[in-house]
1. With θ set to phi - 60°, apply the Karplus curve 6.51 cos²θ - 1.76 cosθ + 1.60 along region 342-350 and write out the HN-Hα couplings as whole Hz, x wherever there is a Gly or Pro.
2. Quick one: 3J(HN,Hα) in Hz for region 312-327, Karplus 6.51/-1.76/1.60 with θ = phi - 60°, rounded, Gly and Pro as x.
3. With equal scatterers on the alpha carbons only and no solvent term, can you work out the Debye log10 of I(q)/I(0) for region 110-237 at 0.12, 0.15, 0.22, 0.23 1/Å?
4. How do T354, T201, T301 rank when sorted from fewest to most other Cβ atoms within 10 Å of their own Cβ?
5. Quick one: if the Förster radius is 56 Å, what FRET efficiency do R305 and A128 give, using the C-beta to C-beta distance and rounding to 0.05?
6. Describe numerically, in nm with one decimal, the distance between label points set 7 Å from Cα along Cα→Cβ at D325 and at R240.
7. Indicate the gyration tensor shape class of region 111-162 (rounded, prolate or oblate), computed on the Cα atoms with a ≥ b ≥ c the square roots of the eigenvalues: a/c under 1.5 is rounded; otherwise a/b larger than b/c is prolate and the rest oblate.
8. Can I get the semi-axes of region 268-332's equivalent ellipsoid? Compute them from the C-alpha gyration tensor as square roots of 5 times the eigenvalues, in angstrom, largest first.
Amino acid sequence: MELLSLHFGQAGAGPKATLQAALHADEIPGLLVAHHLRERLAALEAAGRILGEVVLVPVANPVGLAQRVLHSPLGRFELASGENFNRHYADLTETVAASVDGRLGADPAANVEIIRAALREAAAALPARTQVESLRRVLLNLSIDADVVLDLHCDSQAVLHLYTETSAWPQAEPLARLMGAQAVLLAEVSGDNPFDEACSTPWPRLAARFGPATPVPSACVAVTVELRGESDVTHELAARDAQALLDYLCWRGMIAPAPGDAPPVLPPLRAEATPLAGSIPVSAPHGGVVVYLRELGATVTAGERLADLIEPMSGLVTPLLSPVDGVLYVQERRRFVPTGTGVLRVAGREAVRTGKLLSA
Ligand SMILES: [Zn+2]
């Protein structure tokens with residue numbers, strides 16, 4: 001099995017960004033966005049406009065992409081272990097803390113360099129006893145020393161939304177504006193170590209551990225970008241999303257504007273950031289046919305009827321109500337669901353959930 005990474009610009013010449021597509025292998029919108037990015041990045045490189053390095057992983061999960069069960073692709077979980085491909089990334093904080101202890105000083109930029117070197121070393125030393133461990137190690141090594149990590153996913157049916165670590169939000173906010181995100185979910189720890197958190201969370205944790213005398217900035221902004229739903233695969237959307245991602249890198253000074261052009265203008269924020277702990281899933285209390293009554297992206301109120309669940313033998317109709325005031329941002333694509341299926345999710349403002357905050 002091979003993993004392809006395309007490297008544009010020059011490593012070490014400036015800031016680094018890594019973008020990867022479809023870590024959950026059968027999330028196809030990211031694959032098409034990466035295809036558009038590949039052409040655009042090659043042109044930007046030829047024009048000398050990439051000021052550091054941009055790494056593009058056009059297929060982040062060849063293991064999952066090769067999995068098939070009864071004619072259906074199965075890219076979310078590894079068949080051999082049952083593990084979610086976007087969980088169980090190593091938290092390198094402790095290893096790096098031990099390595100840099102006593103070596104940090106008052107200069108934040110120097111501290112970033114010292115910590116990045118330790119992160120590279122720790123990521124390179126991760127075990128790769130199985131195929132999925134090997135995949136995780138390769139991917140983490142491509143991103144662990146990046147200033148910006150953009151992990152391109154999608155949901156079942158959804159509006160464009162983002163997940164990021166709370167302390168990274170000020171740096172990610174322009175991305176939300178440029179992409180027109182209709183929900184942004186923030187968490188310090190969302191549970192089971194997804195990829196974006198493995199890249200970003202060592203920084204705030206090291207900052208807290210070593211204190212203000214040896215300042216450690218949030219030097220990696222890592223965002224999980226949910227490119228709508230599984231079937232939202234069109235050239236129009238992919239070209240627009242690729243442009244927005246490049247505009248973000250341009251806004252951050254990683255890509256030079258075209259000669260004579262001003263830097264990109266930030267559009268208004270479409271949705272305020274809300275806690276991931278306030279995003280409430282609604283599950284099917286019994287099996288049945290799902291009929292949605294509100295459109296994705298709608299602002300809804302607690303108690304509002306968002307869908308009907310119809311048990312076709314008995315004729316039982318169970319209304320599915322909004323658990324909170326918020327934005328209806330995800331729906332299940334299938335229209336017949338077994339008991340317990342997560343049917344929809346509403347992003348509310350109050351952090352009411354605890355424990356593992358991501359779906360399985
Ligand atoms: Zn995903």
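Each reported figure results from applying straightforward, stated rules to the coordinates on display, with no laboratory input. None of the values given here were measured: they were computed from a predicted structure. Cβ atoms come from the backbone with ideal geometry, glycine included; neighbour counts cover every protein chain shown.
1. With the stated coefficients, region 342-350 comes to x, 8, 7, 9, 10, 8, x, 8, 9 Hz.
2. For region 312-327, the Karplus-derived couplings read x, 6, 8, x, 4, 10, 10, x, 9, 9, 5, x, 8, 6, x, 10 Hz, x marking Gly and Pro.
3. Ignoring solvent entirely, the Cα scatterers give -0.51, -0.77, -1.30, -1.36.
4. T354, T301, T201
5. 0.65
6. 2.9 nm
7. oblate
8. Ellipsoid semi-axes (Å, largest first): 26, 11, 9.
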